[in-house]
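Structure, as structure tokens:
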Amino acid sequence: QVRLVESGGGLVQSGGSLRLSCAASGGIFSIRAMGWYRQAPGNQRELVALITNGDNTNYADSVKGRFTISRDNAKNTVFLQMNSLKPEDTAVYFCNARISTSPNMGPNNYWGQGTQVTVSS
């Protein structure tokens, strides 16, 4: 059974940095895109950053130049380095991955449990 386990959230002052990690495990045949989404109270979940298995990346305009997404394919892990954090970055951050569990099946969407990031002003 596929699991995504996130780590690295916490409380940081404005201008600080955090690094999130997300490790995928359990019955994985292949992983396509991996990404990070976030959801603040009262808001919809939004894409923060995405990385394909070809290492193409895509970022929300609000985080460009401050956040960097990367992945370690050997460890089925995706990272999000967040610098110059702002109070408006405060949200629950969710890891997402498009994973195939066999060569005969297309990818399904999997989510982590979420990790809280709080940026104080």
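For the stretch 54-73, enumerate the residues that are in a helix (DSSP H, G or I) and either over 17 Å from residue 4 (Cβ atoms) or in contact with a Lys or Arg (Cβ under 9 Å, 6 or more places away or on another chain) (or both).
Within the stretch 54-73, 61, 62, 63 qualify.
Given 58, 53, which one is in contact with a helix residue (DSSP H, G or I) (Cβ under 9 Å, 6 or more places away or on another chain) and surrounded by 13 or more Cβ atoms within 10 Å (Cβ to Cβ)?
53
Scan 24, 49, 33 and give me the residue that is without any contact (Cβ under 8 Å) to a residue 60 or more places away in the chain and among the aliphatic types (A, V, I, L, M).
Exactly one residue qualifies, and that residue is 49.
From 116, 44, which residue is in a loop (DSSP other than H, G, I, E, B), exposed (fewer than 15 other Cβ atoms within 10 Å of the Cβ) and not small (Gly, Ala, Ser)?
Step by step, each of 116, 44 is checked, and only 44 is in a loop (DSSP other than H, G, I, E, B), exposed (fewer than 15 other Cβ atoms within 10 Å of the Cβ) and not small (Gly, Ala, Ser).
Give me a count of the residues in the stretch 71-107 that are exposed (fewer than 15 other Cβ atoms within 10 Å of the Cβ) and polar (S, T, N, Q).
Of the residues in that region, 5 qualify.
Condition check: in a loop (DSSP other than H, G, I, E, B) and surrounded by 14 or more Cβ atoms within 10 Å (Cβ to Cβ). Does residue 28 satisfy that?
Yes; evaluated as a whole, the condition is true for this residue.
No lab work stands behind these numbers, since they all come straight from the coordinates. Please read all numbers here as calculations on a predicted model, not as lab measurements. Here the Cβ is made from the backbone with ideal geometry for all residues, glycine too, and neighbour counts use every protein chain on show.
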